[in-house]
Amino acid sequence: MGEFLSKHWVYLIGAVLLHVAFAGIFGLTMVNLWQKPLQPTLAIQAVVVDRSVIDRAARQQQRERTQERERQQAEQRRQQERREQEQHAEQERQQEVKQREEQQQRRQAEEQQQRERQEAERKAQAETERQQKLEAERKRVAEIERKQKEEAERRKAADDARTQKQREDELRSQLEEEEGRAQAENAGLLNQYIAMIEQRIVRNWNRPPSARAGLECRVRVAQTPGGTVLSVQIDQCNGDAAVRQSIEAAVMWSSPLPPPPDPRLFERNLVLVFKPLED
């Protein structure tokens, strides 16, 4: 409103003055009509004057209305443009917000994908390292097992060699012992050894009254390497129980038995023939 007054104050003042003139003229006219009859010539002249003023005033009002309408239309256009600009700005703002949100979502999605890729790479690296460690451990264990196997095979080969050598040595010793024993036996030393034992037993025998001529008993004797008698067993014997007991006692009294003339002739279990000579 202030803007309108500042722009059209001249027209407004003119309009006010025009209305005041109309009012004055109208008042004077009414006063004259009351005082005296209206003269035709004056009425015609008043009408002409009033018409031109009215026309000017009407044109002025028409111009003012036109200008006001144009101003209002311009104001409406400005408001419409302002609303359109605001709507456009709001649309741009919303579009910008939407774009920022979309960019944020894409960035978050890309970051999530990056994290997932990094996590997958980390897991793959960890799995690779685990497999490498397992493979290294497997190789280490396999190497240890190989060395242990080689060491076991070496030890087994050494043990087998020692065992074989020991067997060969034992066999050689046994052969040598058997050969020496055979030589001793061939030399009559075994018979001599058995005869020495039998003679000692006979000397220690206490002849019982029931013993008869032709006594002959088969006796099994177990002894230690030192000749100590461990056990006596009578197998075949043509004597009675008293004779058997007397022979067992004689064997025990003969302990320790005499040693063999050759150590290779020693026998832990002897089989003797108890056959005393007749007086």
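Each value in this text was obtained by applying a stated rule to the coordinates, not by laboratory testing. Just so we're clear, the structure is a prediction, and the values are computed from it rather than from any experiment. Heads up, the Cβs are rebuilt from the backbone with ideal geometry, glycines too, and the neighbour counts pull from every protein chain shown.
Restricting to DSSP loop positions (anything but H, G, I, E, B) with no more than 10 other Cβ atoms inside 10 Å of their own Cβ, which GluC sites (Glu not before Pro) remain in region 198-279?
Values: sites: E198, E216, E248, E267, E278; in loops: E216, E267, E278.
Listed in order of number, the matching sites are E278.
For region 226-236, in order, what is each residue's ³J(HN,Hα) by Karplus, 6.51 cos²θ - 1.76 cosθ + 1.60 with θ = phi - 60°, in whole Hz (x at glycine and Pro)?
x, x, 5, 7, 9, 7, 9, 9, 8, 8, 8
Net charge near Q132, counting Lys/Arg +1 and Asp/Glu -1 over other residues with Cβ under 14 Å of its Cβ?
Charge balance near Q132 sits at +1.
With a ≥ b ≥ c taken as the square roots of the eigenvalues of the C-alpha gyration tensor of region 188-274, please select rounded if a/c is under 1.5 and otherwise prolate if a/b is larger than b/c or oblate if it is not?
Values: a/c = 2.10, a/b = 1.82, b/c = 1.16.
Verdict is prolate for region 188-274.
What percentage of all Cα-Cα pairs in region 87-144 are separated by more than 15 Å?
Value for region 87-144 (Cα pairs over 15 Å): 68 percent.
Can you sort S246, S210, S52, S255 so the residue with the fewest Cβ neighbours within 10 Å comes first? Numbers along the way, then the final one.
Details: S246 20, S210 12, S52 9, S255 17.
With the sparsest Cβ surroundings first, the list reads S52, S210, S255, S246.
Residues with amide H under 5 Å of L257's amide H, sequence separation 5 or more or different chain, H placed in the peptide plane at 1.01 Å from N; which?
T228, V229
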